[in-house]
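Data block below; observations after.
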Amino acid sequence: MSTMSGHSVLTRVSPLNPVAVSFFWEVLRRSPFIIIITFYYYYYYYYYHYYYYYYFILALGATTDREKTLAEVYEEIERDLEVLGGTAIEDKLQDGVPETIAILRAAGIKVWMLTGDKQETAINIGHTCNLFGPDTQTIIIEGSRQAEVKAQMETLIRDLPSMTGEYGLVIEGKTLTIVLRDHALPFLDLCCRCAAVICCRVSPQQKASVVALVKNNRKVITLAVGDGANDVSMIQEANIGVGISGLEGKQAVMASDYAIARFQFLRKLLLVHGRWCYLRCARMTMIFFFKNFVFVMPLVWYQIVCGFSSQMVYHFSNQMFYNLLFTSLPVIVLAALDQDISPEYTYAFPTLFQAGIRRIAFNRLAFWFFMLDGLWQGTMCFLFPLLIYGTAEASTIKSGHMPYMYQMGAVMIASVVCSSNLTVAFLVRSFFLFLFFSFFPSSLIPFF
């Protein structure tokens, strides 16, 4: 007695048992909607010499094309089978997986599935989890010869731009080996033109190779999600690795950068916390450059007044505490706690995530805008105290004494601190009590 999965056994069943055949065809007809792994039990009486001749003499004795010979032997032996029964294992998705993949795709994130399942099961899972939409047309690349695979890819690359609609690419592991070895870049271009990609029957090393292909040849950030030991190579190869803690052990979690309990939590990790962190880091980086630019500009302009003698207009304590005490806490609050919108709005409008994909918050234009703003504010922080006090050689204050250099420097550093902290305050999108206590004390310290 043996077991066999899929549609193949039903084509080998004896026609004398039509009831069993019709029952199993009905089960298979429903399987794309519930994703089941089916196993069928069958039997057939073989004469010993018949089995010995075909299996040992023809198959095991073959020196060339052994796999092909084995397939022919199986086709010869496994026919007119009598079905005993069948069973199925439901490969059920976690709750929220289709919704999570749908919202990630709506946010502009390319989702690829790298799995060890066979092609039929992988395509069914792709449709069930919304990786392939109802109108997605499936493109399958298959073949075991280089010339055959090359011809398929050249045809697809030539015809795909003129095709209309949404396409999903499916490729098996044996074909992927040829593609990654001889046609890696054309294959990557073809995959990027498709809405989604499924690589089935792939090994852990092939998963890592696909991730490396995208990471090294596209200016993108790759994220790999896995829940088993066979996903460790892929998780470590990606820029960001996410491990799902489940029934398949903790290997993926131990090798990942972030660990989640369920796949649906990926939605909040990326669209909410990922977006917040991108905006926070972008503003924090530019603010650090900005506030130091504002701090340095009065020193640069003062060298003209002091004849380039390298005299510092700031008191030593002001120089020491500027980044340590005067302007540190507001930037920390901005980088750790700022939230522009609530998670509910992020879920309702997932396209907001494209601010990071398109590099809207942090780019060269935004950086140089902050630098020019720092140049302007630093210049103003120098000119106003200079116009008030005048130069040490030509002006006096009302008491008749010559103004001290550090008096003018104290006004300058107070202006610089207020300018830097107020700029941070204008960039903060959410105001709360702790924010108030971080901005105003830091801005008032230089006045004492």
**OP:** Kindly report, to the nearest 10 Å², the accessible surface of Arg429 as traced by a 1.4 Å probe over protein heavy atoms only.
**Re:** 140 Å²
Original post:
When the accessible area of the stretch 147-274 is split by element with a 1.4 Å probe, what percent falls to carbon and sulfur?
Top reply: 52 percent
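Starting from the Cα-Cα distance between Val300 and Arg193, subtract it from 0.36 nm times their residue separation and give me the gain in nm to one decimal.
33.3 nm
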Original post:
At a probe size of 1.4 Å, how large is the accessible area of Asp338, to the nearest 10 Å²?
Top reply: 10 Å²
Original post:
Which order do peptides 328-334, 215-221 fall in by mean Cβ count within 10 Å, highest first?
Top reply: 328-334, 215-221
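Evaluate the charge dipole of the stretch 155-210 about its Cα centre and quote only its size in Debye, nearest 20, assuming +1 on the Cβ of each Lys and Arg and -1 on the Cβ of each Asp and Glu.
For this selection, approximately 180 debye.
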Original post:
Among Gly249, Leu270, Ile235, which residue has its Cα positioned farthest towards the positive end of the charge dipole of the stretch 233-275, with +1 placed on the Cβ of Lys and Arg, -1 on the Cβ of Asp and Glu, and the dipole taken about the Cα centre?
Top reply: Leu270
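Quick one: of Lys150/Lys219; Lys68/Lys118; Lys118/Lys207; Lys118/Lys174; Lys207/Lys268; Lys110/Lys207, which pairs are farther than 22 Å apart, Cα to Cα? Write down the numbers at each step before the final one.
Values: Lys150/Lys219 26 Å; Lys68/Lys118 19 Å; Lys118/Lys207 15 Å; Lys118/Lys174 12 Å; Lys207/Lys268 25 Å; Lys110/Lys207 16 Å.
Beyond 22 Å: Lys150/Lys219; Lys207/Lys268.
Based on Cβ point charges of +1 for Lys and Arg and -1 for Asp and Glu, what charge dipole magnitude is obtained for the stretch 186-319 about its Cα centre, in debye rounded to the nearest 20? Please report the intermediate quantities before stating the final value.
Details: 14 positive and 6 negative charges, 76 e Å.
Dipole about the Cα centre, nearest 20: 360 debye.
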**OP:** Once you have the Cα-Cα distance between Gln205 and Lys268, take 0.36 nm times their residue separation minus that, and quote the gain in nm to one decimal.
**Re:** 19.8 nm
Original post:
Which residue, chosen from Ile198, Ile221, Tyr167, occupies the Cα position most advanced towards the positive end of the dipole of the stretch 136-238, where the dipole is computed from +1 (Lys, Arg) and -1 (Asp, Glu) charges on Cβ about the Cα centre?
Top reply: Ile221
Original post:
With each pseudo-label sitting 7 Å past Cα toward Cβ, what's the Tyr406-Met163 distance in nm, one decimal?
Top reply: 7.7 nm
**OP:** Sort 179-191, 151-163, 363-375 for me by packing, meaning the mean count of neighbouring Cβ atoms within 10 Å per residue, highest on top.
**Re:** 179-191, 363-375, 151-163
Subject >> Cα centroid separation - the stretch 131-200 against the stretch 212-263, whole Å >> reply: 24 Å
Original post:
Length gain on complete extension for the stretch Lys68 to Arg145, per 0.36 nm per residue less the alpha carbon to alpha carbon distance?
Top reply: 26.3 nm
Original post:
If each of Arg181 and Ile332 carries a label point 7 Å out from its Cα toward its Cβ, how far apart are those two points in nm?
Top reply: 5.7 nm
Subject >> the stretch 251-356 shape via C-alpha gyration tensor axes, a/c threshold 1.5 >> reply: prolate
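Quick one: if the Förster radius is 22 Å, what FRET efficiency do Ala348 and Ala259 give, using the C-beta to C-beta distance and rounding to 0.05?
According to the calculation, E is roughly 0.20.
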Original post:
Label 7 Å along Cα→Cβ of Leu93; the stretch 226-266 residues with amide nitrogen under 17 Å?
Top reply: 226-227, 262-266
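The values are calculated or read from the model by the stated rules, or taken from the named source; none is laboratory data. Everything numeric in this text was worked out from a predicted model, so none of it was measured. So basically every Cβ, Gly included, is an ideal-geometry build from the backbone, and we count neighbours across all protein chains shown. Surface accessibility is based on the protein's heavy atoms, side chains included, excluding ligands, DNA and RNA. Shrake-Rupley method; radii C 1.70, N 1.55, O 1.52, S 1.80 Å.
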